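The values are calculated or read from the model by the stated rules, or taken from the named source; none is laboratory data. This is a predicted model, so every value here is computed, not measured. Positions of Cβ are backbone-derived with ideal geometry, glycine not excepted, and every protein chain shown enters the neighbour counts.
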Amino acid sequence: MRQAKSLRKVNRLRGLPKSRIKRLAWRLHPKRLYAYWFSRDGGITALKIAGILILVMFVATLGVFAYFRKDLKSITDISGSNLGGSISYYDSSGQTLLWQDYNAVKRVPVTNSKDISPYIKDATVAIEDKDFYNHRGFDVRGIAR
């Protein structure tokens, strides 16, 4: 194996000029470049270069993320859950308050069922369970899903 590799290298570099510039021109000749890169040794070199480039790109990407990460706010700061805020839901007229969420945990209905439009009730039922009026609270297909 080692001897075969050495023999291939000797055959490839046979006739190499002594001068640096002539050696560079000799190595960059298209016929020799093509023969090298499409040989076994050239393929192994190409795989090594590709692996190193992928590794460098990965490390550079991690570096960019780490650099910009220090300027970002924490998730808890962005979510607003630590601010103690509330969200109010109104109907289409904007006058009737349907319910409020406090800290995205407690949901407190603020109206009677009579005050909610029947369209909102039907829309909620249609979204949640289309067969709500056809079964007695237990849908076997829904449970199996």
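Which condition number does Tyr36 fail, the rest of (1) among the hydroxyl-bearing types (Ser, Thr, Tyr); (2) at pLDDT 75 or above; (3) closer than 30 Å to Thr124 by Cβ being met?
It is condition (3) that Tyr36 fails.
When only residues in the range 24-44 that are of a type in the set (A, V, I, L, M, F, W, C) and in a helix (DSSP H, G or I) count, which is nearest to Arg12 (Cα to Cα)?
It comes out as Ala35.
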